[in-house]
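The values are calculated or read from the model by the stated rules, or taken from the named source; none is laboratory data. For clarity, every value in this text was computed on a predicted model and none was experimentally measured. Neighbour counts run over all protein chains shown; Cβ positions are idealised from the backbone, glycine included.
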Amino acid sequence: LENCIGSLSTLDSVTLMYPSSTEFETLLFSCNDWRLSYVNKEFAVCPSYPPIVIVPKSIDDEALRKVATFRHGGRFPVLSYYHKKKWNGKWYRTVIMRSGQPLTGTNGRRCKEDEKLINATLRAGKRGYIIDTRSLNVAQQARAKGGGFEQEAHYPQWRRIHKSIERYHILQDSLIKLVEACNDQTHNMDRWLSKLEASNWLTHVKEILTTACLAAQCIDREGASVLIHGAEGTDSTLQAASLAQIILEPRSRTVRGFEALIEREWLQAGHPFQQRCAQSAYCSSKQKWEAPVFLLFLDCVWQILRQFPCSFEFNEHFLIMLFEHAYASQFGTFLGNNESERCKLKLQQKTMSLWSWVNRPSELSKFANPLFEANNLVIWPSVAPQSLQLWEGIFLRWNRSSKYVDEAYEEMVNIIEYNRELQAKVNILRRQLAELETEDGLRESP
Amino acid sequence: MEFSELIRTGRAQAELLPGPEEAPLRGTLCVTGHHLLLSPGPPSTPDLWLLLLRSVDSIEKRVAGDSGTITLRCKDLRVLQLDIEGVEATLDIARSIEALSSLESVITSFPFFYRPKGLRLGDAWHFHPPERYYKRVARETNAWRLSEVNQDFSLCSSYPRAVIVPRAVDDDALAQCARFRQGGRFPVLCYHHAPSGTVLLRSSQPLTGPQKRRCAEDEDLLRAVLTGARPGAQGFIVDTRSSQAAKQARMTGGGTEAKAAYPGWKRLHRPLERGRALQESFVRLVEACGDTEQSMDRWLSRLEGCRWLAHVKEALSTACLAAQGMEREGACILVHGAEGTDSTLLVTSLTQLILDPLSRTITGFQELVEREWIQAGHPFQLRCAHSAFSHTRPKHEAPTFLLFLDCVWQLGRQFPLSLEFGEGLLLALFEHAYASPFGTFLCNSEKERCLCEVRTRTHSLWSGLNQPKEQRKLRNPLYVPNPLAIWPSVEPQSLRLWQGLFLRWTRPPEPSEVAWEKVWQIVTEREKTGDSAHSFCLSSQPKQ
């Protein structure tokens, strides 16, 4: 782990393209059922996947090619997260996998290699869960267009759960309505609350968090592996998978861990940033592929951060900064829709990485959470509607000066700084005292 | 009436479920005259769990087989469940609790028996007498005097013994004014704003009636206020009723100040909700907060429908209006509604928090609550008889004081460095206003408190709260004295639901408590490290 962090922090002007291999290598030291596959190194098998993916050891590259023809966009199931838990003295390993929808179509096609692949992730005698982020209806209708879902007959060891998460223009509309409500100057409380409700934004936040909690529960409480997919596997799939990791894994709540999570589960995983973040809430021209999927993810992280104020190494400003850079940035990190495009555009050579700037100590200090206390726990957020709040740091940011809240924050940071200085001073004085005492053993100590 | 007559069953075996995140307690349940006790059997810790019976708002009982369940809903919004062995025992205990929690008599209530170690009776009662406040006013201006015309409460039964009135008005004139105002509540001084030399007053409605009566002394009083303030000062009367309601009040003997009779005073109407409607709003909000299974849409729609936040906004807006009048326009302000005991006090106390830095200190705030709510005659006994869970028909209950605390919380949220106290103090005041072992919130007026000898026979909440061990929970570690007025934003987007109160028991409070504790640790560490650095500095001076 230390090597991994070390290598991440020495990367300067290079976008984190390949260090995932070092990260994953540390992962592989602890599990011998998995391997790195370079089958996609020319992006020929799956254009939206990165060049290196992690797959079960028992599946060879040929099989992977076949599976890729059976999944939407070539997105065959890959490892997203690996969870180790001690139960009754024994270690259990469960995983989160993600993929695109199976292309069963109306004929009920099947792919034995696909079945073998995901069955390889199951623990002996245990079932797995497939979390489909579409409602049952939508999943069934997808068959008419060549898509579909995993049929019980072909995947008897897997139980399928549908947990619908909205996508595409519905999300974009929701964002537009919310921003409009926030800018409403009519000063009427009823109107504000009613517009907030009509935007449905918080409903989406609740949906996504609920799905992530479900995945995390399967992993941690049931000890079962999980496969998450929607239709394309590039939006709600990534939201659920990455949030589940925040819940389960303390490392993803540290600054470096979170950056690695974004790199792995969003950037390399092929979330189409260029399309999704082309326009935001104020744009009046016709919207095509825009959707605030990443912003919703950040909102969900913020909700968890608010409920567990001592469990995150970073603060709200870090998340706000990521939101800004996803839409418009002087850095190349969020450009392009997937690794293939980033390679073609030669971003690694031509652009600076956001992480190289953010990880400088002077910048990082602004994003540090002074209340952070490292813990090893799984943290379970409440998804009751009363526990979810509007993220004023993003949505009400420009409405009124946050001067006083900032002042309070400043004050706290100053107190902590001052604390450190004083502690250092005390240490110096202690040493001096010790020296004085030993120098002159006859003199009485003060 | 003996307590023992009301207790049907002495004790029973029971299991208590205190809340969603706490472990259940098992032991022997016992009903006493004032408390419900659970003595945990082994293997639990030997701490006794107790509940003041007065804090029970409503009881539900269910029996099945040979045991029963009692659900207690408390006035501080906590919900407790007791599983009791024995159907008879369950029914008897439920009946006992019902009878004991709704006793009306003040002098047999628990504060008259509460004698904690470490507190002296009569301690801290002398903290906030009107004389002391008058001294502060007298330092700033000599246009006012302390009048003891109400010494025996004969002039106004809801005012304290001493009030601050214009120097130019004598006691006989005050007697006339008292006859012209509802309940005898003639205009008195709340606050003198030194930077602008203007004053804040409160009263009740003038009894003009359908005949449009006038009272020369009342008019003189208000004229004296203006001349005593600044030459050419104008006055605003902030009426907390809508103009229709004010007009209608004339039919039943009340009314408003006629423009011609009070030159220099302009009337503004800022209707604030009160009484039954406010209690309804509170009940609906608490209902919505208790349902964690509902959809987001339903939650938001219920939040909107209960209108609680709209009331918070209106109260803060009116206070801002009064404060602006005083600070920015140099005008004197008189606030009244109908009776002058509810929304009036809400506005005057909030206005002082906005303008007066002293009321934002811990002592200053306690004094503000004493002066502007308790001594000013807010009928706590009536208003806080029942909270949001009660099944009984509401009579005079209304959460006006809670609305005040909510507004203070909003101020604290918008100005996190400017209040010396934190949410902990506000929550404590909310709890104690409804049910308390202390006598501070008993009765409806100073007159009643004198009759019941509250101040000599019960302990004051302030003495309890001001003990050093309580301070950590109540103080704001980030406080920095701020001499300026603080102007809250009353945009709906800036006002929030007070989660710490309304959602206190429905979701685990630990994370924010942990965070608060952490902040305290950081701050006190700084003090300790500062001290030790200082002492090291001194001690390491080389002795040559």
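Annotations for the structure displayed:
- Residues that are part of a loop (DSSP other than H, G, I, E, B), at pLDDT 70 or above and facing chain A (nearest Cβ under 7 Å) were ranked within segment B:492-544; the one that is farthest from A:ASP190 (Cα to Cα) is B:THR506.
- Some residue of segment B:399-411 being modelled with pLDDT of 95 or more, outside any helix (DSSP H, G or I) and not aromatic (Phe, Trp, Tyr): yes
- Criterion violated by A:THR15 - all others in (1) modelled with pLDDT of 90 or more; (2) closer than 19 Å to A:ARG264 by Cα; (3) surrounded by 21 or more Cβ atoms within 10 Å (Cβ to Cβ) satisfied: (1)
- Just one of the listed residues (B:HIS311, B:HIS269) is under 30 Å from B:GLY340 (Cβ atoms), modelled with pLDDT of 95 or more and surrounded by fewer than 17 Cβ atoms within 10 Å (Cβ to Cβ), and it is B:HIS269.
- Residue among B:SER242, B:SER203 that is surrounded by fewer than 19 Cβ atoms within 10 Å (Cβ to Cβ) and closer than 16 Å to B:THR344 by Cβ: B:SER242
- Odd one out for A:ASN375, checked against (1) surrounded by 18 or more Cβ atoms within 10 Å (Cβ to Cβ); (2) in contact with a Ser or Thr (Cβ under 9 Å, 6 or more places away or on another chain); (3) in a loop (DSSP other than H, G, I, E, B); (4) of a type in the set (S, T, N, Q): (1)
- Entirely in segment B:272-366, the helices (runs of 4 or more DSSP H) that have 3 or more residues that are more than 14 Å from chain A (Cβ to nearest Cβ): B:275-290, B:308-327, B:343-355
- Test result for A:SER382, of a type in the set (Ser, Thr, Tyr), at pLDDT 85 or above and either on the phi > 0 side of the Ramachandran plot or assigned to a helix (DSSP H, G or I) (or both): no
- Looking across segment A:391-406, the residues that are at pLDDT 70 or above and in a helix (DSSP H, G or I) come down to A:GLU392, A:GLY393, A:ILE394, A:PHE395.
- Residue selected from segment A:382-396 under the condition free of Cβ contacts under 8 Å to residues at least 60 places away in the same chain and facing chain B (nearest Cβ under 7 Å), by the criterion surrounded by the most Cβ atoms within 10 Å (Cβ to Cβ): A:GLN386
- A:GLN217 being over 20 Å from A:HIS325 (Cβ atoms), more than 14 Å from chain B (Cβ to nearest Cβ), polar (S, T, N, Q) and assigned to a helix (DSSP H, G or I): yes
- Given (1) within 12 Å of chain B (Cβ to nearest Cβ); (2) modelled with pLDDT under 90; (3) more than 24 Å from B:GLU525 (Cβ to Cβ), number of the condition A:GLU373 does not satisfy: (3)
- All of B:LEU427, B:LEU451, B:LEU442, B:LEU419 fail the test of being within 14 Å of chain A (Cβ to nearest Cβ), aliphatic (A, V, I, L, M) and farther than 20 Å from B:THR344 by Cβ, apart from B:LEU419.
- Checking each residue in segment A:295-329 for being crowded, with 18+ Cβ neighbours inside 10 Å, among the acidic types (Asp, Glu) and in a helix (DSSP H, G or I) picks out A:ASP299, A:GLU316.
- No other residue among B:LYS247, B:LYS259 is under 19 Å from B:PRO187 (Cα atoms) and free of Cβ contacts under 8 Å to residues at least 40 places away in the same chain apart from B:LYS259.
- Residues of segment A:186-196 satisfying the condition of being more than 8 Å from every other protein chain (Cβ to nearest Cβ) and among the basic types (Lys, Arg): A:LYS195
- Going through (1) touching a Lys or Arg at 6+ places or on another chain (Cβ under 6 Å); (2) at pLDDT below 95 one by one, A:ASN188 falls short only on (1).
- Selection over segment A:330-364 of residues that are surrounded by fewer than 20 Cβ atoms within 10 Å (Cβ to Cβ), among the polar types (S, T, N, Q), touching a residue at least 12 places away in the same chain (Cβ under 8 Å) and assigned to a helix (DSSP H, G or I) gives a count of 2.
- Residues of segment B:72-102 that are part of a loop (DSSP other than H, G, I, E, B) and either surrounded by fewer than 17 Cβ atoms within 10 Å (Cβ to Cβ) or without any contact (Cβ under 8 Å) to a residue 24 or more places away in the chain (or both): B:SER102 alone.
- Residue match in segment B:393-416 (condition: among the aromatic types (Phe, Trp, Tyr), within 14 Å of another protein chain (Cβ to nearest Cβ) and closer than 30 Å to A:GLU411 by Cα): yes
Residues checked against (1) crowded, with 21+ Cβ neighbours inside 10 Å; (2) more than 10 Å from every other protein chain (Cβ to nearest Cβ):
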| residue | (1), (2) |
| --- | --- |
| A:SER164 | no, yes |
| A:TYR168 | no, yes |
| A:LEU178 | yes, yes |
| A:ASP184 | no, no |
| A:ALA198 | no, no |
| A:VAL205 | yes, no |
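- Meets criteria (more than 12 Å from every other protein chain (Cβ to nearest Cβ) and surrounded by 21 or more Cβ atoms within 10 Å (Cβ to Cβ)) for A:ASP114: yes
- Scanning segment B:454-487 for residues that are within 14 Å of chain A (Cβ to nearest Cβ) and buried (at least 22 other Cβ atoms within 10 Å of the Cβ) gives a single hit, B:ASN476.
- Number of the condition not met by A:THR210 [criteria: (1) closer than 18 Å to A:ILE161 by Cα; (2) polar (S, T, N, Q); (3) away from chain B (no Cβ under 14 Å)]: (3)
- Contact annotation: residue pairs with Cβ atoms under 6 Å, 6 or more positions apart or on different chains, pairing a residue in segment B:491-507 that is over 12 Å from B:GLY290 (Cα atoms) with a partner that is of a type in the set (A, V, I, L, M) and surrounded by 21 or more Cβ atoms within 10 Å (Cβ to Cβ), are B:PRO492/A:MET189; B:LEU495/B:LEU309; B:LEU495/B:VAL312.
- Selection within segment A:407-446 - more than 7 Å from chain B (Cβ to nearest Cβ), closer than 26 Å to A:SER365 by Cβ and at pLDDT 70 or above: A:GLU410, A:ASN414, A:GLU417, A:ARG420, A:GLU421, A:ALA424, A:ASN427, A:ILE428
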